[in-house]
1. Say whether the condition of being of a type outside the set (D, E, K, R), touching a residue at least 12 places away in the same chain (Cβ under 8 Å) and not in a helix (DSSP H, G or I) is met by at least one residue in segment 244-267.
2. Filter the helices (runs of 4 or more DSSP H) completely within segment 103-171 down to those with at least 3 residues that are within 13 Å of the ligand (Cβ to nearest atom).
3. Would you check if residue 332 is on the phi < 0 side of the Ramachandran plot and either within 20 Å of the chain's Cα centre (by Cα) or surrounded by fewer than 17 Cβ atoms within 10 Å (Cβ to Cβ) (or both)?
4. Can you tell me which residues in segment 172-195 are within 16 Å of the ligand (Cβ to nearest atom), touching a strand residue (DSSP E or B) at 6+ places or on another chain (Cβ under 9 Å) and of a type in the set (A, V, I, L, M)?
5. Filter segment 54-81 for residues that are buried (at least 19 other Cβ atoms within 10 Å of the Cβ), among the β-branched types (Val, Ile, Thr) and over 12 Å from residue 256 (Cβ atoms) and give the result.
6. Find the residue count for segment 176-205, including only residues that are part of a strand (DSSP E or B) and in contact (Cβ under 8 Å) with a residue 60 or more places away in the chain.
7. Enumerate the pairs (first residue in segment 343-366 and modelled with pLDDT under 95; second residue anywhere and polar (S, T, N, Q)) with beta-carbon separation below 9 Å, excluding pairs fewer than 6 apart on the same chain, so at least 6 apart or on different chains.
Amino acid sequence: MLPTRPRIASLTGYVPGEQPQEPGWTKLNTNENPYPPSPRVREAIERALGRLAIYPDPLGTAFRRAAAELLGVDPDWILPANGSDEVLTLLLRTFVDPGEVVAYPYPSYILYETLAEIQGGEGVRLPLREDWSWDKAACAAILPRVKLLLVPNPNSPSGNLWDDETLLQFVPPKGVLVLDEAYRDFADAPRDLRPLWDHPAGRRIIVTRTLSKSYSLAGLRLGFAVAAPEVIAELRKVKDSYNCDALSLAGGEAALRDQDWMRGNCERIRATRRRLEERLRQLEFSVVPSQANFVWATHPSGRHRDLYEQLKSRRILVRLMRFSGAFGSTAETPYDGLRITVGTDAEIDHLLRELESILQRIGSSP
Ligand code: PMP
């Protein structure tokens, strides 16, 4: 027997979406951007290649300056990390002692639950209503015990966006509220973070961002936290000295400094998203109006696994997601659906053509 910590031995572990390494797939399962990053990223990385023999800047000063300018805060408010997933890990390690409560809406990003388990925290699901709204009464009882409340906004898998007014009601009185804004750049309305900092609990609000989605840099691994300097100072004590490498810091800074490129790609994705939602509804799917670069679709037949598998046999990957216990479902018959990343127009047309033909066959089979 390995002397593993018991909670790790019994952990299933978070399973990310499939990443086939061979070409030929239409990949609509892990919310990557179908468009390339700004050409300035490559130039910056090429320049940084000349400095690989020395350690990177442990604080990522140049990157922090770019992020700070963009968001209208001081650079002391920014902490870069190896993807926003690393920011989440740092938050757990910084704020949560064994037995303390980590809460998150459910269904949402399943990694939160895994991170809470690894840390030895008590993971608590805050059940959302079927229209993806918050059940205030259900939250009220637990909030006083919450150390860390993690909220993806836009949410995953649903893609809906909650307004600040709604979420600010849930700042835990003795904990911190983390707004995971991995997909925020895809929303129709631009984001102004300043009202958050002006809120009476503003010093206990943390926003996380990533360059994986809107900046087309999932392979580079760079994300960051935005929070009051005293929060950032605590996170710095916990992070590895060199948690971000020289290439990602250089590429990430260049990407942030080319906002026109990022915004242009988001606009194209929004246009394709509208078309995808409309067409899925014509195919009788229920689709949550999305503010992200994916849509959540459920079909009245309930045959999501069949649809997923048949698409996969045609080399199209979407994400089949199951949430046991959500909306009154059971472990045997969990609530499920398909999360479909918004690809290029050509990819989405291909998906829709294949989906239509599969649905016709499913419709005529017993
Ligand atoms: N938050 C949410 C809600 C996500 O879906 C993802 C992507 N899986 C992340 C954070 C992490 O993204 P990254 O580590 O690439 O920044």
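The values are calculated or read from the model by the stated rules, or taken from the named source; none is laboratory data. Everything quoted here is computed from the prediction, not taken from an experiment. Every residue, glycine as well, gets a Cβ built from its backbone with ideal geometry; the counts of neighbours run over all protein chains shown.
1. Yes, segment 244-267 contains a residue that is of a type outside the set (D, E, K, R), touching a residue at least 12 places away in the same chain (Cβ under 8 Å) and not in a helix (DSSP H, G or I).
2. Qualifying helices (runs of 4 or more DSSP H): 111-119.
3. Judged against the criteria, residue 332 is a match.
4. Those that are within 16 Å of the ligand (Cβ to nearest atom), touching a strand residue (DSSP E or B) at 6+ places or on another chain (Cβ under 9 Å) and of a type in the set (A, V, I, L, M): 177, 178, 179, 182.
5. Passing the criteria: only 73.
6. Selection size over segment 176-205: 3.
7. So the pair list comes out as 361/310; 362/301; 362/310; 363/301.
Every residue, every condition in (1) β-branched (Val, Ile, Thr); (2) out of contact with any strand residue (DSSP E or B) (no Cβ under 6 Å at 6 or more places or on another chain); (3) surrounded by fewer than 16 Cβ atoms within 10 Å (Cβ to Cβ), yes or no:
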site: 112; (1), (2), (3): no, no, no
site: 116; (1), (2), (3): no, no, no
site: 119; (1), (2), (3): no, yes, no
site: 129; (1), (2), (3): no, yes, yes
site: 133; (1), (2), (3): no, yes, yes
site: 143; (1), (2), (3): no, yes, no
